1. Report D for the range 470-518 in µm² per second (integer): Stokes-Einstein, Kirkwood Rh on Cα pairs, 25 °C, 0.890 mPa s.
2. Lys and Arg at +1, Asp and Glu at -1: add these up for the other residues within a Cβ distance under 13 Å of Trp40 and post the number.
3. What are the principal axis extents of the Cα atoms in the range 342-409, in Å, biggest first?
4. Give me the compactness ratio for the range 173-294, meaning the Cα radius of gyration over 2.2 N^0.38 Å.
5. Relative contact order for the range 287-392 using alpha-carbon pairs under 8 Å, separation at least 6, rounded to a whole percent?
6. On alpha-carbon atoms, Rg over Rh for the range 54-137 using Kirkwood Rh?
7. What ratio of Cα Rg to 2.2 N^0.38 Å holds for the range 424-473?
8. Please give me the summed charge of the neighbours of Glu126: other residues whose Cβ is under 13 Å from its Cβ, Lys and Arg +1, Asp and Glu -1.
Amino acid sequence: MLNIPTQSFPAPSSQQRVAPSGQSGRSKVALKPGHSLMDWIRFSKSGKDLTGLRGRLIEVTKEELLKHNTRDDCWTCIRGMVYNVTPYMDYHPGGEEELMKAAGIDGTDLFDQVHRWVNYESMLKECLVGRMATKATTAIKAIIPPPPLTGLDRPISVAPPPEKDSRPRYDWFQTDVTVHLVVYAKRKIPSSGCTIVDLEAGVLRLEVLLGKMSYMIHLCLADEVEGTVSVHTAFSVGKIQVSIRKQAKGKWTSLGQPLELHNTFLHKKDRAPYYRDCVLVCKTEVNHNTHVFRVQLPRGTVMHVPVGKHVYLKALIQDAEVVRPYTPVEKNLAAASHHSSQESDLYLMIKVYPDGVFTQHLNNLHTGDHISISGPEGTFNVRPLRDVTHLYLLAAGTGFTPMARLIQLALEDLDTIRKTRLLFFNRREEDILWRYQLDELAANNDRFQVEYVLSEPCESWIGKKGRVDESMLQDFLNRPDGSKCYVCVCGPTDFTELTLRLLKQQGFSEGELHAFSG
């Protein structure tokens with residue numbers, strides 16, 4: 001009997017809404033009527049045999065997989081699991097051509113390039129053929145169990161650290177009323193925030209993000225504790241202290257029992273996202289189709305989402321698990337560009353689409369309803385901005401969301417940036433997000449400028465009109481002598497790809513560009 005994994009998606013290699021400059025998401029194609037996401041969910045649950053195997057699960061060799069490589073017989077492998085995607089062809093938003101790139105082969109790398117956040121395990125559950133057959137030597141190794149974990153002995157890491165002796169370590173101490181866990185990162189810690197703590201029912205999960213790496217502590221605590229935690233970070237020396245109050249006075253003989261993946265140091269992309277149950281506090285209208293959703297984290301969670309990162313929201317819709325990425329904003333543009341490490345609320349600016357399965361679900365939530373939210377994801381790094389003098393932001397529609405905190409960061413924390421300019425593309429004037437706040441910020445701060453471009457302006461509009469093109473960018477981008485420029489782009493895929501191409505034609509290098517894509 002096959003051991004089919006039950007781990008929820010996004011999968012361990014799921015990374016982000018933030019991509020390197022030359023990398024962007026797929027282009028969507030127009031689907032036939034009756035082929036929406038909800039239509040696929042209904043079809044997949046209709047009881048029809050979508051694999052052709054009458055419910056059997058099989059082991060698939062590489063040679064067998066290769067035989068199924070046509071439009072009418074298409075199998076592909078994602079993370080060791082083989083799916084018959086033939087019935088999904090007409091429902092795929094990226095079109096048939098994109099699915100066929102992975103026909104008959106291991107499509108994991110292709111999938112990760114453009115679909116990282118897609119919940120394929122739930123979406124293709126009824127299309128599961130089975131598991132890829134493993135080589136004999138690999139199979140033998142796989143059945144050898146690791147040594148049992150006892151007490152607080154350090155377990156063997158499931159992946160080697162990137163450099164010898166660079167692995168973080170931890171220790172703990174206590175008083176009669178408190179217990180303190182200390183992580184020594186062995187490197188400076190970014191001040192933008194990198195520690196996520198979840199305490200629930202006596203289980204402590206602590207994740208420290210260190211560049212591309214993730215260090216995790218996962219323990220069932222030795223005795224009962226209060227439900228809140230406090231986190232104190234010494235950034236320059238790389239030390240993090242987590243403090244928890246005991247429910248009863250006394251001394252513990254140990255901190256607790258290790259749980260899965262305790263004391264592991266992995267590449268972040270290999271760490272499965274962890275979801276916590278959050279509560280909707282309120283919704284604030286931004287314009288006719290966009291709201292800011294204020295979400296409260298659980299009492300025992302401490303999480304700060306660094307600038308440029310996103311989180312995943314997950315919901316069960318008609319028995320299908322649907323996941324989408326969203327980039328947090330601040331409460332408003334006047335808010336500080338960074339919160340206290342104890343901040344308990346997230347603000348998510350979300351456009352509600354008339355035919356959007358997930359956004360309609362969110363829009364129907366009421367105050368007090370619950371939503372699952374992951375920790376920070378993405379590879380955006382503020383380090384390249386440290387010596388930048390001119391920051392240019394090109395955003396279309398809700399592509400503004402990552403730019404909002406970038407603007408605040410540039411104006412409040414990065415004195416080297418002499419000028420931050422936003423070129424904001426929308427269809428109509430009423431679509432412009434936070435326009436009043438942007439105009440007010442530009443009026444009160446001479447280091448910030450904003451210009452709006454409308455593709456469907458009314459007759460009274462006196463601003464820029466049209467779509468992004470070479471001449472528009474030439475007018476907007478200024479490279480004074482001795483300056484160092486950086487350009488960030490975010491918007492629909494076609495907008496992002498065209499803008500990047502035009503920027504490169506104007507002489508901007510890969511190191512001067514960053515594209516957010518989703």
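FYI, it's all coordinate maths here, none of it is from the lab. The structure presented is a predicted model; accordingly, all values stated were derived computationally and were not measured. Glycine also receives a Cβ, built like all others from the backbone with ideal geometry; neighbour counts cover every protein chain displayed.
1. Details: Rh = 11.4 Å.
The estimated diffusion coefficient comes to 216 µm²/s.
2. Values: positive: Lys32, Arg42, Lys45, Lys48, Lys125; negative: Asp39, Asp90, Glu126, Asp319.
Computed value for this residue: +1.
3. Here the Cα extents, ordered largest to smallest, are 44, 32, 19 Å.
4. Values: Rg = 17.0 Å, N = 122, 2.2 N^0.38 = 13.7 Å.
That works out to 1.25 for the range 173-294.
5. Values: 144 pairs, mean separation 40.0, N = 106.
Result for the range 287-392 is 38 percent.
6. Details: Rg = 12.1 Å, Rh = 12.9 Å.
Reported Rg/Rh, Kirkwood definition of Rh: 0.94.
7. Details: Rg = 11.6 Å, N = 50, 2.2 N^0.38 = 9.7 Å.
Expressed relative to 2.2 N^0.38 Å, the Cα Rg reads 1.19.
8. On the way: positive: Arg42, Lys45, Lys48, Arg54, Lys125; negative: Asp49, Glu121, Asp319.
Net of charged neighbours comes to +2.
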